[in-house]
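K.L.:
Structure provided below as structure tokens; questions to follow.
The values are calculated or read from the model by the stated rules, or taken from the named source; none is laboratory data. Note that the structure is predicted; figures quoted are calculated from it, not measured. Neighbour counts run over all protein chains shown; Cβ positions are idealised from the backbone, glycine included. The area values use the complete protein model at the heavy-atom level, side chains included, leaving out ligands, DNA and RNA. Shrake-Rupley method; radii C 1.70, N 1.55, O 1.52, S 1.80 Å.
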Amino acid sequence: MTKAQTLIVAAMISLAAPATAQDAPDIELWRLDCGTIELSDAGPFSDTRLYDGERRTLTDSCYVIRNGARYLLWDAGFPAALKGNSDTQGVFTISLAQTIPEQLARIGLKPSDITYVAVSHYHGDHIGQAQDFPAAELLIGRGDADAVVSGSLDGIRAQFAPWFAEGATGKVNRIAGDLDVFGDASVTMINTPGHTPGHHSLVVRLPRSGTIMLTGDLYHFEEQIENRGVPQFNTDRADTLASFERFNQMADNLDATIVIQHDPRHLIRLPEFPESAK
């Protein structure tokens, strides 16, 4: 074996070797309450009429992940202006009890402490408070970023003002595939398009709690995993089904705990705030 071949083999072994306790990242995850959704009819959540006439209550969850001294906010809930109020739009009645900065203060954080704001996709219940973190780097799927700046989603673009407004200086990472957020495989945004063109889900590897997979809006409630319910408002049905398959296989292979961000039955899968999963 040549010297060059020896170096290549050594590098491959290094990449494949599991991290030791000393190498393992110092990481923890908190779930935040970012709103509530009352559905008078869940029919729009299936294009094959699986849920017609069903009433459901959904939660709107956001997450904070600490990796050493860096912090990631995953999804940004409803706008802070909704706090203490409710708004009905068709079958949706939405409300917000507390803002993200208010909850961050309970664990000793300020908006300026957030290094990254990562959004699973561009819908309003996932981006509402993003602009309250203007110093953070925005992580967003490329397909979603392209849609936001296309000129057809001006209301949504306004909610990304620190990054997409005319003359904005905020740093943006438009993610085409997967992204190892912190560079140590502890947190990975995985490409799961279909709900929107650039939709992503999140894989979080915790030292004690194991692997957690946050769905974004790949799923909205448990039954969609079982019966492959595709919402009527998804942008691509075939991509959605392919993303179901990828996500589910990955969850099986990683022995992961799936947390559906909108399903209140999944709240017990993570500690109650302000406790964190480690």
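K.L.:
For residue 101, what is the net charge nearby, where nearby means another residue's Cβ is under 14 Å from its Cβ and Lys, Arg count +1, Asp, Glu -1?
P.N.:
Counting the neighbours of residue 101, the net charge comes to -1.
K.L.:
If one takes the longest principal axis of the Cα atoms in the chain, at what angle in degrees, from 0 to 90 and to the nearest 10, does the Cα axis of helix 237-253 lie?
P.N.:
That helix lies at roughly 50 degrees to the long axis.
K.L.:
For the chain, what is the accessible area per residue in Å² when the probe is 1.4 Å?
P.N.:
On a per-residue basis, the chain sits at 45 Å².
K.L.:
Which aspartates and glutamates have a Cα lying under 12 Å from the Cα of residue 278, excluding residues fewer than 8 positions away in the same chain?
P.N.:
26, 28
K.L.:
DSSP beta bridges in the chain, what fraction antiparallel, as a percent rounded to 5?
P.N.:
Of all bridge pairs located within the chain, approximately 75 percent are antiparallel.
K.L.:
Please give the calculated 222 nm ellipticity per residue for the chain, where each DSSP H segment of at least 4 residues contributes -39500 (n - 2.57) and the sum is spread over every residue; nearest 500 deg cm²/dmol?
P.N.:
-6000 deg cm²/dmol
K.L.:
Enumerate by residue number the chymotrypsin sites (Phe, Trp or Tyr not before Pro) in the range 232-278 meeting two conditions: DSSP loop (anything except H, G, I, E, B), and at most 13 other Cβ atoms within 10 Å of the site's Cβ.
P.N.:
The qualifying sites are 233.
K.L.:
Further question on the same structure: Under the 0.36 nm per residue contour assumption, what length would be gained going from the current alpha-carbon distance of residue 245 and residue 149 to full extension?
P.N.:
Separation in residues times 0.36 nm, less the Cα-Cα distance, equals 31.6 nm.
K.L.:
Could I ask something else about it? I need the calculated FRET efficiency for the pair residue 211 and residue 237, taking r as the beta carbon distance and R₀ as 35 Å, to the nearest 0.05.
P.N.:
Once the sixth-power term is evaluated, E becomes 0.80.
K.L.:
Which of the three applies to the range 119-164, rounded, prolate or oblate, going by the alpha-carbon gyration tensor with a ≥ b ≥ c and a/c under 1.5 meaning rounded?
P.N.:
The shape class here is rounded.
K.L.:
Sticking with this structure for a sec: Measure off, as a whole percent, the carbon and sulfur share of the 1.4 Å-probe accessible area of the chain, all protein chains present.
P.N.:
51 percent
K.L.:
Relative to the longest principal axis of the chain, what angle (0 to 90°, nearest 10) does the C-alpha long axis of helix 3-16 take?
P.N.:
Tilt of helix 3-16: around 40 degrees.
K.L.:
Oh, and also: Taking a probe of 1.4 angstrom, what is the accessible area of residue 218 in Å², to the nearest 10?
P.N.:
Accessible area of residue 218: about 10 Å².
K.L.:
Restricting to bridges with both residues inside the range 145-278, how much of the DSSP beta-bridge set is antiparallel, in percent to the nearest 5?
P.N.:
Bridges in the range 145-278 are about 80 percent antiparallel.
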